Amino acid sequence: MIREKKKIFALSGSTRKNAANHSLLTAIAHMTADDLEISIYGSIADLPHFDPDRNLENVPGIVRDFREQINKSDGVIICTPEYAHGVPGSLKNAIDWTVSSSDFYHKPTVLITASSDGRYGHQSLLETLRVIEAKDVEQLQLLIQFVKTKVDGSGGIIDEGTREDIKQLMGNFIRCLS
């Protein structure tokens with residue numbers, strides 16, 4: 001019997017082309033290819049600024065597509081840097097577009113903060129994910145500090161401890177999806 005792969009929506013909190021967060025998502029997609037079909041979202045920088053007057057009616061097409069991709073997925077992976085001890089503005093903007101539409105509601109969500117420090121941004125985003133009721137986020141989180149010493153530019157995880165932490169995290173995620 002062939003098992004159907006779970007569809008996962010992956011979102012990088014970085015708008016940089018060659019960001020470590022993109023490399024991590026690529027590495028995770030390769031590591032979990034037998035179980036998960038991971039689709040990495042193009043760029044959160046393309047989303048317009050959140051506008052509460054257009055949140056439920058006259059929603060921009062790109063936002064409708066963004067929400068639809070989340071809704072069609074079985075789970076979500078967010079991999080983000082910290083910026084000025086907080087959540088990068090583009091990522092917060094993207095999540096703001098999902099609040100009233102409940103796109104994350106009870107959807108298993110992995111949070112990986114991969115940055116130089118990351119503690120402050122991680123806690124802030126973790127609280128946002130709790131508020132929007134992302135599922136299992138308490139047990140599906142990982143803080144990777146000094147990330148540039150742990151990944152290379154080609155999507156490889158060069159630190160064995162980080163690789164093991166990610167394997168364990170993704171194993172937990174796969175179990176949450178079942």
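A few points about this structure:
- For the stretch 164-178, the tally of residues that are free of Cβ contacts under 8 Å to residues at least 12 places away in the same chain and assigned to a helix (DSSP H, G or I) stands at 4.
- Cross-chain or 6+ apart pairs with Cβ under 7 Å, the stretch 68-84 first and in contact (Cβ under 8 Å) with a residue 40 or more places away in the chain, then part of a loop (DSSP other than H, G, I, E, B) and open to solvent by 60 Å² or more (accessible area, probe 1.4 Å): none
- Index of the failed condition, ALA19 passing every other in (1) open to solvent by less than 70 Å² (accessible area, probe 1.4 Å); (2) touching a Ser or Thr at 6+ places or on another chain (Cβ under 8 Å); (3) modelled with pLDDT of 95 or more: (3)
- Screening the stretch 132-151 for residues that are among the basic types (Lys, Arg) and not in a helix (DSSP H, G or I) and picking the one that is surrounded by the most Cβ atoms within 10 Å (Cβ to Cβ) gives LYS150.
- Residues satisfying the stated conditions in the stretch 59-77, i.e. more than 14 Å from SER43 (Cβ to Cβ), open to solvent by less than 30 Å² (accessible area, probe 1.4 Å) and outside any loop (DSSP other than H, G, I, E, B): ARG67, ILE70, GLY75, VAL76, ILE77
- Residues that are free of Cβ contacts under 8 Å to residues at least 12 places away in the same chain, open to solvent by less than 60 Å² (accessible area, probe 1.4 Å) and under 16 Å from CYS79 (Cβ atoms) do occur in the stretch 152-159, at least one of them.
- Index of the failed condition, ASP117 passing every other in (1) farther than 19 Å from SER23 by Cβ; (2) assigned to a loop (DSSP other than H, G, I, E, B); (3) open to solvent by 30 Å² or more (accessible area, probe 1.4 Å): (1)
The values are calculated or read from the model by the stated rules, or taken from the named source; none is laboratory data. None of the values given here were measured: they were computed from a predicted structure. For neighbour counting, all protein chains shown are included, and Cβ atoms are generated from backbone atoms with ideal geometry for every residue, glycine included. These area figures cover heavy atoms from the full protein model, side chains too; ligands, DNA and RNA do not enter into them. Shrake-Rupley method; radii C 1.70, N 1.55, O 1.52, S 1.80 Å.
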